[in-house]
Amino acid sequence: MKRDFLRGTLIFLTFSPIVMLLFFGCTKNDPTTEITPDTTIEDVDGNSYHTVTIGTQTWLVENLKTTKYRNGDPIPNLQSDNQWATTSDGAYSDYANNPALSTDRGKLYNWFAVNDARNIAPAGYHVPNAEEWEELVQYLGGEAIAGGKLKEAGLGHWADPNTGATNSSGFTALPTGFRSRDGSFSGLSGFGYYWSASENYQQTSAWYFGMNMDWAGIEKAIEFEKTGHAVRCIKD
């Protein structure tokens, strides 16, 4: 799962300062991350989100919290394990059915809500497909190290050791835990799993991208569509 990533070319210190200045002045500038903390986007519930531009993509900095589709229709909040396990419609829940945990971490949505034509993303944004997630991962150096650049640094939310976390991208990925297809909750401080909009060919599962406390990388994997994961939106 952890793959080698391309290493940059070493530039020897034998260049004089003048030669190095001329050399770098003639090359294309490296892409940068632009954090715009004063830019806010609102969803249909009135929740506000900041944005960050990473490469050519603009992402919301916070996980989605909406309880309604974009047209105002409610997304069912299914609290019982049986309701969660048996539905084939869009639904959300708070981790452990505790709304206070969603304040920072956002809601958990099944993939039916992600795929609903009424759209759960704020206007001008959408749930990223797997290719858009992969573009982000590659921009940050590949799956072996991108998770550390995405994760919030420190132990304010993540459990120890939160390996490799620097949040150098400004993405501020938080651990959200997940809700299994049987309705049970797991991994609140250790795992941050994000749905993509891409369904697996089996049509019972979809692709997600996940980080954990013990690894600096990020994985792409499939999960049952009844599972509850966090959602992070990207600009159209």
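Please treat every number below as a calculation from the coordinates, not as lab data. Everything numeric in this text was worked out from a predicted model, so none of it was measured. Counting neighbours? That spans all protein chains shown, and the Cβs are built from the backbone with ideal geometry, glycine included.
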Checklist entry - Based on what the data block shows, is Ser169 hydroxyl-bearing (Ser, Thr, Tyr) and surrounded by 20 or more Cβ atoms within 10 Å (Cβ to Cβ)? => result yes
Checklist entry - So which residues in segment 155-196 are assigned to a strand (DSSP E or B) and in contact with a helix residue (DSSP H, G or I) (Cβ under 6 Å, 6 or more places away or on another chain)? => result Ala173, Phe185, Trp195, Ser196
Item to check | All positions within segment 97-119 that are among the hydroxyl-bearing types (Ser, Thr, Tyr) and farther than 14 Å from Ser189 by Cα | outcome: Thr103, Tyr109
Checklist entry - Filter segment 181-205 for residues that are polar (S, T, N, Q) and under 19 Å from the mean Cα position of the chain (by Cα); which is surrounded by the most Cβ atoms within 10 Å (Cβ to Cβ)? => result Ser196
Item to check | Members of segment 57-81 that are within 19 Å of Ser196 (Cβ to Cβ), free of Cβ contacts under 8 Å to residues at least 60 places away in the same chain and among the polar types (S, T, N, Q) | outcome: Thr66
Next on the checklist: Just to be sure before I move on: is Val52 of a type in the set (A, V, I, L, M), under 30 Å from Glu135 (Cα atoms) and assigned to a strand (DSSP E or B) in the structure I sent?
Outcome noted: yes
Checklist outcome for this item: In segment 127-154, anything exposed (fewer than 15 other Cβ atoms within 10 Å of the Cβ) and more than 23 Å from Lys65 (Cβ to Cβ) is listed as Glu131, Gln138
Next on the checklist: With the requirement that a residue be free of Cβ contacts under 8 Å to residues at least 60 places away in the same chain and under 16 Å from Thr66 (Cβ atoms), what does segment 92-112 give you?
Outcome noted: Asp94, Pro99, Ser102, Thr103
Checklist entry - Within the set of pairs 6 or more residues apart or between chains, which connect a residue that is on the phi > 0 side of the Ramachandran plot inside segment 141-166 to a residue that is assigned to a helix (DSSP H, G or I) with Cβ atoms less than 8 Å apart? => result Gly141/Lys149; Gly164/Gly147; Gly164/Gly148
Checklist entry - Which residues, taken from segment 55-68, are assigned to a strand (DSSP E or B) and either surrounded by fewer than 19 Cβ atoms within 10 Å (Cβ to Cβ) or among the hydroxyl-bearing types (Ser, Thr, Tyr) (or both)? => result Gln57, Thr58, Lys68
